[in-house]
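To start, the structure itself, in structure tokens.
The values are calculated or read from the model by the stated rules, or taken from the named source; none is laboratory data. Computed from a predicted model, the values in this text were never measured in an experiment. Don't worry about glycine lacking a Cβ; one is built from the backbone with ideal geometry, like all the others, and counts go over all protein chains shown.
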Amino acid sequence: MITNTQQQNELSEEQAKLQQQLKTHYVDLASERVGGETLSCSDDFFAEMENLLKPGRGVFIDDKYTERGKWMDGWESRRSYGRDNGREFDWCIVRLGIPGAIHAFDIDTNYFRGNAPQQVSVEACNSEGQPDQDTQWQTILPITEVRAHSQNLFEIDNASSWTHVRLNMYPDGGIARFRVYGEATIDWDQFVEGELIDLASIKNGAKALLVSDMFFSDKNNLIMPGRGKDMGDGWETKRRRDPGPDWSIIKLAAPGNVQKVLIDTCHFKGNFPDTFMLEGTVSDSDDFSEDNANWSTIIERKKLYAHREHLFINEINPASKQQFFTHVRLSIFPDGGVSRMRVFGFPHLSK
């Protein structure tokens, strides 16, 4: 039998489809993995605001308490409503790790059953420094009801670029996780002319579009900052029973040529690919797919090794150092795991 609590925690078919679209086409601009951070909040007496941006949906440990009360994996304020000197609402300011256009929010109240807020809203601003009392906030999600112990998904129709958001909850309570799905907006003036740029970096605006398989871990891990912390922090496919290859297609941050490539198999010791190949193509279609592209070889099939950074410069096809690509395809033979891929080149920016 499905209880009411379980029903609340399950996405409707429409919401599940939306969630899949968000994870496929957009990036969580606020994730701590890409540099997002909580700056300040009205109150986090029971559970720290930093939990909002952590991975996963939050967990519940039945008998875990702190000196302030029940331990909760999220942001939780003390009770305020109906009390003398109570707060009208609680708020938390988040600096986006990647400034960009926001297309949706996931405001997850997982395990906040009797202590979830009744309503939420989200404001945004564009600020070079820390927001202060003079900051002008614009409401991009008006006050809206949310369900307890549930993922609450909201699509946003706003084309502006933002650097910070302020999550408000009414009148008080707890929220487990906060996701800000969108697309990076890159200020290319922040790069020095002639500087090699990682065109495959998620922080520079690259996106993992399509993948043959991501049974063990997500495709976006391949283009995340830093080195992988473990095998789960990479792109790993299940075992094939044919010669392969598995492949991942990345839309580059900007059209560019390829001068240097790094393939990192960090932590993949018994399950790294035997060999890899890198190809590039040019496409301006929003319906880009693996089947409708003409691929040019950037690096011929090369050997890989366990738990190692592999740097390729001389192995790059000389023509690829002159040609501009919009997408690259990493093929691994026959299967396995790659922690990170870096594609360094010079962007070709339209004036």
Original post:
Going through the stretch 99-142 one residue at a time, which ones are touching a residue at least 40 places away in the same chain (Cβ under 8 Å), of a type in the set (D, E, K, R) and farther than 20 Å from Asp157 by Cβ?
Top reply: Asp108, Arg113
Subject >> Residue, nearest to Ile107 (Cα to Cα), within the stretch 47-58, restricted to residues that are modelled with pLDDT of 95 or more and part of a loop (DSSP other than H, G, I, E, B) >> reply: Lys54
Original post:
Which ones in the stretch 213-241 are over 15 Å from Met341 (Cβ atoms) and touching a helix residue (DSSP H, G or I) at 6+ places or on another chain (Cβ under 9 Å)?
Top reply: Gly232
Original post:
Looking only at the stretch 305-332, which residues are over 28 Å from Ser285 (Cα atoms) and either charged (D, E, K, R) or buried (at least 16 other Cβ atoms within 10 Å of the Cβ) (or both)?
Top reply: Arg308, Glu309, His310, Phe312, Glu315
Original post:
For Met224, which of the numbered conditions (1) in contact with a Phe, Trp or Tyr (Cβ under 8 Å, 6 or more places away or on another chain); (2) modelled with pLDDT of 95 or more; (3) within 23 Å of Leu22 (Cα to Cα) fails to hold?
Top reply: (1)
Original post:
Assuming Ile186 fulfils every condition listed in (1) touching a Gly at 6+ places or on another chain (Cβ under 9 Å); (2) among the hydrophobic types (A, V, I, L, M, F, W, C); (3) modelled with pLDDT of 95 or more apart from one, which condition is it?
Top reply: (3)
Subject >> Answer residue from the stretch 52-61, given it is closer than 18 Å to Gly35 by Cα and crowded, with 21+ Cβ neighbours inside 10 Å and is farthest from the chain's Cα centre (by Cα) among those >> reply: Leu52
**OP:** Report yes if Phe268 is in the same structural domain as Phe324 (by TED's automatic domain parsing), in a loop (DSSP other than H, G, I, E, B) and farther than 14 Å from Thr326 by Cα, otherwise no.
**Re:** yes
Original post:
surrounded by fewer than 20 Cβ atoms within 10 Å (Cβ to Cβ), β-branched (Val, Ile, Thr) and farther than 19 Å from Val261 by Cβ: does that describe Thr185?
Top reply: yes
**OP:** Take the residues in the stretch 179-227 that are part of a loop (DSSP other than H, G, I, E, B) and among the aliphatic types (A, V, I, L, M), then tell me which one is farthest from the chain's Cα centre (by Cα).
**Re:** Val192
Original post:
Which residues, taken from the stretch 300-332, are in a strand (DSSP E or B), farther than 22 Å from Gly226 by Cα and touching a Ser or Thr at 6+ places or on another chain (Cβ under 8 Å)?
Top reply: Arg301, Lys302, Lys303, Phe325, Thr326
**OP:** Quick one: which residue in Leu96, Leu22, Leu39, Leu11 is touching a residue at least 24 places away in the same chain (Cβ under 8 Å) and part of a helix (DSSP H, G or I)?
**Re:** Leu22
Subject >> Only one of Ser150, Ser161, Ser121 that is at pLDDT 95 or above, surrounded by 20 or more Cβ atoms within 10 Å (Cβ to Cβ) and among the hydroxyl-bearing types (Ser, Thr, Tyr) >> reply: Ser150
**OP:** Could you list, in sequence order, all residues of the stretch 84-118 that are within 27 Å of Gln20 (Cα to Cα), charged (D, E, K, R) and surrounded by fewer than 23 Cβ atoms within 10 Å (Cβ to Cβ)?
**Re:** Arg95, Asp106, Arg113
**OP:** All but one of (1) assigned by TED's automatic domain parsing to the domain that holds Leu96; (2) surrounded by 20 or more Cβ atoms within 10 Å (Cβ to Cβ) hold for Gln136, so report the exception by its number.
**Re:** (2)
**OP:** For the stretch 74-83, name all the residues that are charged (D, E, K, R) and buried (at least 24 other Cβ atoms within 10 Å of the Cβ).
**Re:** Glu76
**OP:** Please tell me if Met169 is touching a His at 6+ places or on another chain (Cβ under 7 Å) and of a type in the set (A, V, I, L, M, F, W, C).
**Re:** no
